[in-house]
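Asker: Following this message is one structure expressed as structure tokens.
Each value in this text was obtained by applying a stated rule to the coordinates, not by laboratory testing. All of these numbers come straight from a predicted model, not from anything done at the bench. Quick reminder, even Gly has a Cβ in these numbers, built from the backbone with ideal geometry, and neighbours come from all protein chains shown.
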Amino acid sequence: MKIKTKLRLGFGFLFLVVIFFGAISLFYMNQISLSSKVILKDNYETLSYTSNMRAVLDEHPLPLSADAKQQFERYMAMEGKNVTEKGEGLAFSGLRKAYEAMSVPGATEDQVYQAVTRIRAELRNIDQLNMAAIVRKNEVAQKAIEKAAMYVIFAASICFLILFSFIVNFPGFVANPLREFSEAIREISRKNYKQRLEFNGTDEFAELAISFNTMAQELNQWENSNLSKIQSEKRRIEAIIEQMQDAIIGLNEKKEILFFNKVAAELLNLNDEEVIGQNVQELMKRNDLLTRILEDKPTAKPMKIYADQKESYFQLEKREITVPAYGAEAEVAMAQTAKAAGEVYILKNITQFKELDEAKTNFIATVSHELKTPISSIKMSLKLMDDERVGPMNVEQKELVQHIKEDCGRLLKITSELLDLAQVETGNLQLNFVKSDPRKIAIYAMDSVRFQAEQKSIELELVSRNDLSKIYVDVEKTAWVLVNFLSNALRYSPEKSKVIIQVIENADHIEFSVRDFGKGIEEVYQKRLFEKYFQVPTDGNNKSGSGLGLAISKDFIEAESGKIWVESALGEGSKFCFSLPIAI
């Protein structure tokens, strides 16, 4: 039976109950009304007639006149038609005979008075009979009313019980299945796919229960089929993580250890089985190295840790793990978003690469140092050859000597840059910080390249105030960076152009910049300008350097807590800048 049909039958039953109660009430109200009407119609009218007849006798002298007789006879005739009680007919016959005796022509006065006395006696008898009837009928009516009230109360009680039972039980007909559905859906949301609903009948709830059970069965099959796959994939991932040579520590969103491979356990001297699932904050209190790993921000600088019976170097990487989350939105059915699932810390063992890098750096420093002395000797010999006292040279010889001199200068510059780079990479860079005037540093750098600028007829222009704040820097290294900027600007600037050196005060920093009006640098190369050994491709008109000048400049400026950058566009020239903090 459908739910709609059941609802119709239920409300139809209520309607019938209401009709039944109304019919019983109307029936007994009608019975009470009929009992009241009988009392008024029969007995009350008789009492009225006897009262009127008595009034005729009282108000008229005896013997009665013709009008009085006419009135009396009319009321007596009416009473004769309204004889209803037992004995009332006999009393009425006595009344009629007494009236006839009173109305006999020629009756004496004594006979008339005796007849009137008999009339009054019969009237009293009729009154008593009707009064007794009234009392009796009133008792009958009261009993009928009490009976009717009892039946009405009984019917009302039955209806109340039926309605109360209906009110209590009928909502459960709809609410109970809905509650069971709600509980079943809640269990499904908890991944209890074995939940089932059992509804007997053929209504919509039973059909819905069948559909629900089918869905739960499908979900259970899907869960069982995917659970083994997930477990297999989990073990595979754990095996991969365990066999990796890097130390790996995984945390979930609650800062609990999610996974912890063997390398990390050995490095931190912890038992991986004991720490899984523990809060990392508690472990950090007992392990300083773990605290250092989790609290340090990942940088390019490697971490030095004692491992493998020696000081080893590790590169720390931190990665935020996000997983896709699906949520309903207003305009689309499902929307995919990213949800934070934890963090992964990876310690890559770069000891081997660090050792190779140090070997490379030491080799470069040694070779550069060894090359510097013979190159200087070659430059001295070239200077002696250029002296007229040694002997004259022809034009071709002078050109060859000049080319050799330029190449020797370039080699000497490269060896100096390599030595500076070796100092930076080995951490042996020595900085001599003093309070200096930034304008004087700029003038010193300009003087260093003035001869080179005059050879190409390039104007050097300084834009600066005289009252700039002091900076706390290594003057030699800062001037070296500025000279490197100026040398590059002169190299790539056309003849008879201008190079602008600007020194300005910007908040709590002093900003140095060198601007040229050459070809400019393509944007694709700008991000790599400060990398070691990187050189912007040239058209062959300009001799390129070693690709170390800007990299060393970056190291010098950052060692002084400054920032370095470039601004350039093709056809508009380039502007190389660095800023240094003002001395406090």
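Asker: Based on the Cβ-Cβ distance of V18 and K97, what FRET efficiency does E = 1/(1 + (r/R0)^6) give at R0 = 41 Å, to the nearest 0.05?
Answerer: 0.10
Asker: Can I ask one more? May I ask you to compute the full-extension gain from F27 to F164, defined as 0.36 nm times their residue separation minus their alpha-carbon distance, rounded to one decimal in nm?
Answerer: This chain segment gains 46.9 nm when fully extended.
Asker: Now, a different point. I want the local charge near V434. Using Cβ-Cβ distances under 14 Å, sum +1 for each Lys or Arg and -1 for each Asp or Glu among the other residues.
Answerer: That sum, taken over residues with Cβ under 14 Å, equals 0.
Asker: At 7 Å along the Cα-to-beta-carbon direction for both R286 and K383, put a label point, then send me their distance in nm to one decimal.
Answerer: Simple spin-label model gives 7.0 nm for this pair.
Asker: Once you have the Cα-Cα distance between A175 and T117, take 0.36 nm times their residue separation minus that, and quote the gain in nm to one decimal.
Answerer: Working it through step by step, the gained length comes to 12.5 nm.
Asker: Something else about it: Under 12 Å Cα-Cα from K318, which aspartates and glutamates qualify once same-chain neighbours fewer than 8 residues away are excluded?
Answerer: By straight Cα distance, K318 reaches E295, D296, E343.
Asker: Something else now. So if we plug the beta-carbon distance of A507 and R528 into 1/(1 + (r/R0)^6) with R0 = 25 Å, what FRET efficiency do we get, rounded to 0.05?
Answerer: Here the calculated transfer efficiency is 0.30.
Asker: Please give, to one decimal in nm, the separation of the simple spin-label points placed at L570 and I210, each 7 Å out from Cα toward the Cβ.
Answerer: Going by the 7 Å Cα→Cβ label model, 7.3 nm.
Asker: Now, a different point. What list of whole percents do you get for P(r) of the stretch 181-296, with Cα-Cα distances grouped in 5 Å bins up to the one holding the largest distance?
Answerer: 2, 10, 14, 14, 10, 8, 8, 8, 8, 7, 5, 3, 2, 1
Asker: For K563, what charge total do you get from the other residues with a beta carbon under 11 Å from its beta carbon, if Lys and Arg give +1 and Asp and Glu give -1?
Answerer: It works out to a net charge of -2.
Asker: Here's something else I'd like to know. Enter the mean projected area of the convex hull around the alpha-carbon atoms of the stretch 53-146, in nm², rounded to one decimal.
Answerer: Value for the stretch 53-146: 6.4 nm².
Asker: I've got another one for you. State to the nearest 20 debye the size of the charge dipole of the stretch 432-581 about its Cα centre, where the only charges are +1 on K and R beta carbons and -1 on D and E beta carbons.
Answerer: Details: 20 positive and 22 negative charges, 45 e Å.
For this selection, approximately 220 debye.
Asker: Using the number of other C-beta atoms within 10 angstrom as an exposure proxy, rank W565, W480 with the fewest first.
Answerer: Taking fewest neighbouring Cβ atoms as first place, the list is W565, W480.
Asker: List, in the order given, every pair from K348/K575; K477/K519; K435/K456; K304/K575 whose Cα-Cα distance in the structure shown is over 30 Å.
Answerer: Numbers: K348/K575 38 Å; K477/K519 28 Å; K435/K456 35 Å; K304/K575 38 Å.
Over 30 Å apart, Cα to Cα: K348/K575; K435/K456; K304/K575.
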